[in-house]
There are 2 protein chains.
Amino acid sequence: MPRVVDRTARRSEIAAAASRVFVERGVANTSVSDIVKSAGVAQGTFYLYFATKDDVVMAVVDEMAGRMIAGITAAVDASGSTAVEKFLGLRDVLMAFDVDATAVELADFMHRPENRPLHDRMAEHFVPALIPLMESIVVQGVAEGVFNVRDPRAAAWFVLGGLQSAELSGTPVADMPAAIKAVTGFSLRALGYTAVGS
Amino acid sequence: MPRVVDRTARRSEIAAAASRVFVERGVANTSVSDIVKSAGVAQGTFYLYFATKDDVVMAVVDEMAGRMIAGITAAVDASGSTAVEKFLGLRDVLMAFDVDATAVELADFMHRPENRPLHDRMAEHFVPALIPLMESIVVQGVAEGVFNVRDPRAAAWFVLGGLQSAELSGTPVADMPAAIKAVTGFSLRALGYTAVGS
DNA sequence: AGTTTATGACTGACAATCAGTCATAAACAC
DNA sequence: GTGTTTATGACTGATTGTCAGTCATAAACT
């Protein structure tokens, strides 16, 4: 039998190299030739593992998104035990977006204008990936008797969309506290929030 | 005085030609050479009116978005006079998205995978462009005493984001009526809706 | 142990394509 | 006829994706 290689591992190696070069030079300014030089493989090898340049971009985005989602999930779990606490935790992460230092760096990179395609694809992964988390919070809240929602899945979509949209609204930093408060109010009203015992 | 040409008109001509070719072949598969051939001008002429290929893509998107926004605004105005009627009109347009036949065709085109960049840029224009319309509806509702909102601008962002997100949730056609009803409920709750006189 | 052979991984020069430039010409105004 | 703006299209440099062939490995067979 011939020489055998772990295809998945090889793919990851090349994707990791691509990721490094992307961060250095920006996605648009990176050529496939740059990537293979950084990965230490030949141009042809690249095309054994990725169909197109766009393919590797998507792979990198998926991997980044996955790590961010994991970080967010952890942060939410750490933010409290009740549904409302978890909701507020998720809101904070989404609005402020400071899970840790690398996340901030990543966010900066993603918002560079030449990396728009990357940003857009990421955003598209984001809300869907957070749906299960948000939905579980809503379900928990209903069970606790603080939320009043017939369709938790739909509620998760709606509220996450609202939160993300608010993040995009370009609110001046000075007005952020007020904006966050407003958005919180809208979300809780949408979820039919009533304090326990009232 | 030197030779004079209506620069804006010329730009529009080339953009219109670009738009035609984009619809035929997709944005990514269209070269600048294709555009100039269709417009009947030389390659150099193109660069007198657009800095880059991306520049003409943006121009086409802006023009499309503008027409769609205008159509939506008209549809909303025609849907009723009260804030709630207008809100429901806007919701219908956003969820069903059938302003007219050409809009459907356009939507198909925009959702072709190879036109993703176009779609993303369009989406980015969309919510911001609808904010004034939504905000005016909210303000009217507050004046009518049916909505209870402190910050109409923030409410507009939140609700529009929620509506758009719901549209992206990939609800099966069969479940759409229920989903629309759910989304409507979330929106009205977020806006603090109470029927007049209650 | 040594030789052959089968197989997939890998290579890098190369073809094809395309965005953007530039030297030159035409059209017009005065 | 001089000056200024618009227009031209051949050209360049760079980049993506391909392909004919090499290389390393291990099984199969002597």
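The values are calculated or read from the model by the stated rules, or taken from the named source; none is laboratory data. Because the structure is a prediction, the values reported are computed rather than measured. Neighbour counts are summed over all protein chains in view; Cβ atoms, including those assigned to glycine, are modelled from backbone coordinates with ideal geometry.
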Completion exercise
With the first residue restricted to the range A:145-171 and required to be facing chain B (nearest Cβ under 8 Å), and the second required to be polar (S, T, N, Q) and in a loop (DSSP other than H, G, I, E, B), Cβ contacts under 7 Å at 6 or more apart or on different chains are A:TRP157/B:SER169
Exercise for the section: Inspect all residues belonging to the range B:51-61 and state whether any of them is small (Gly, Ala, Ser), within 15 Å of DNA strand D (Cβ to nearest atom) and farther than 24 Å from A:SER165 by Cα. Expected result: yes
Problem - Criterion (without any contact (Cβ under 8 Å) to a residue 12 or more places away in the chain, under 24 Å from A:PRO117 (Cβ atoms) and more than 9 Å from DNA strand C (Cβ to nearest atom)) met by exactly one of B:GLU24, B:GLU63 - result: B:GLU24
Exercise for the section: With the condition kept exactly as written, say whether any residue in the range A:34-43 is within 10 Å of DNA strand D (Cβ to nearest atom), away from every other protein chain (no Cβ under 14 Å) and exposed (fewer than 15 other Cβ atoms within 10 Å of the Cβ). Expected result: yes
Practice task
Go through the range B:172-187 and give me each residue that's more than 7 Å from chain A (Cβ to nearest Cβ) and among the small types (Gly, Ala, Ser).
Solution key: B:ALA174, B:ALA178, B:GLY185, B:SER187
Exercise for the section: Pick out the one residue from B:VAL146, B:VAL99 that is at pLDDT 90 or above, assigned by TED's automatic domain parsing to the domain that holds B:LYS181 and surrounded by 15 or more Cβ atoms within 10 Å (Cβ to Cβ). Expected result: B:VAL146
Fill in the blank from the handout: By residue number, the members of the range A:51-64 that are among the small types (Gly, Ala, Ser) and surrounded by fewer than 18 Cβ atoms within 10 Å (Cβ to Cβ) are A:ALA51
Handout entry: Test for A:ASP55: is it at pLDDT below 90 and either under 30 Å from B:TRP157 (Cβ atoms) or in a helix (DSSP H, G or I) (or both)
Key = no
Exercise for the section: Could you check how many residues of the range B:11-50 are more than 25 Å from the chain's Cα centre (by Cα) and of a type outside the set (Phe, Trp, Tyr)? Expected result: 15
